[in-house]
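Bear in mind that the values in this text are calculations on the coordinates, not laboratory data. Keep in mind the model is a prediction, meaning the values are calculated, not measured. Please note: Cβ atoms are built from the backbone with ideal geometry, for glycine as well, and neighbour counts cover all protein chains shown.
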């Protein structure tokens, strides 16, 4: 599970994902903070299947379902278990409607408890490229009638991943966010709900590196 990550600067996102948005520097994000995410553009040209048009938006790190009364729920919905997302009230609308998104991340942070206390650990791709994390997005309308986007990172079991199994408390299930291979970005954004689980895979441990902070 991931509750803290770094978002790349706008220029890095443009280079890695081919989408531009408002200029921003690198962001240090926690649940409820606003950060960048990518989804299919409303003006998508369905004839161009090779290079789908994507838009870079700003949303709450923590999905806000349509029935929520306020944004506080984002503090609990920043990660979604892929195995149950289609059933949970907070995520099932986005899952069933295949509201897929990609969350750009320069690094994620996880607690290493092997010493007996939590040691914050920064995890990056070994090739230094930004991560593209598979997620779900939702659009919520606040009491003032304004639309607010929110997103959640999808997770899978990581008990047999040589790197990610080292994090979180010993008694907790080992989980990790779904880091997509670059070649699957377009496929994930276009995939129908019936194919969503096909993308829910561990990212290879040897393609990641970690550093205690």
The range 154-195 to the range 104-123: how many Å between their Cα centroids?
16
Subtract the Cα-Cα distance of residue 71 and residue 142 from 0.36 nm times their separation in residues, and report this length gain in nm to one decimal.
24.7 nm
In nanometres, what is the gap between the two model label sites at residue 195 and residue 114, each 7 Å from Cα along Cα-to-Cβ?
3.8
At 222 nm, what helix-only mean residue ellipticity would the chain give, in deg cm²/dmol to the nearest 500, using -39500 (n - 2.57) for each DSSP H run of four or more?
-2000 deg cm²/dmol
Using Cα pairs closer than 8 Å and at least 6 residues apart in sequence, work out the relative contact order for the chain, in percent.
22
Computed over the range 54-123, the distribution of all Cα-Cα distances in 10 Å bins, rounded to whole %, is 16, 39, 32, 12, 1
Starting from the Cα-Cα distance between residue 127 and residue 165, subtract it from 0.36 nm times their residue separation and give me the gain in nm to one decimal.
11.6 nm
Given that compact globular proteins tend to follow 2.2 N^0.38 Å, what is the ratio of the alpha-carbon Rg of the range 1-128 to that value?
1.16
Can you give the Rg to Rh ratio of the range 141-182, both from alpha-carbon atoms, with Rh computed by the Kirkwood formula?
1.26
Pull out a ≥ b ≥ c, the square roots of the eigenvalues of the alpha-carbon gyration tensor of the range 96-160, then state rounded if a/c is under 1.5, prolate if not and a/b is larger than b/c, and oblate in the remaining case.
prolate
Can you give the Rg to Rh ratio of the range 5-212, both from alpha-carbon atoms, with Rh computed by the Kirkwood formula?
0.95
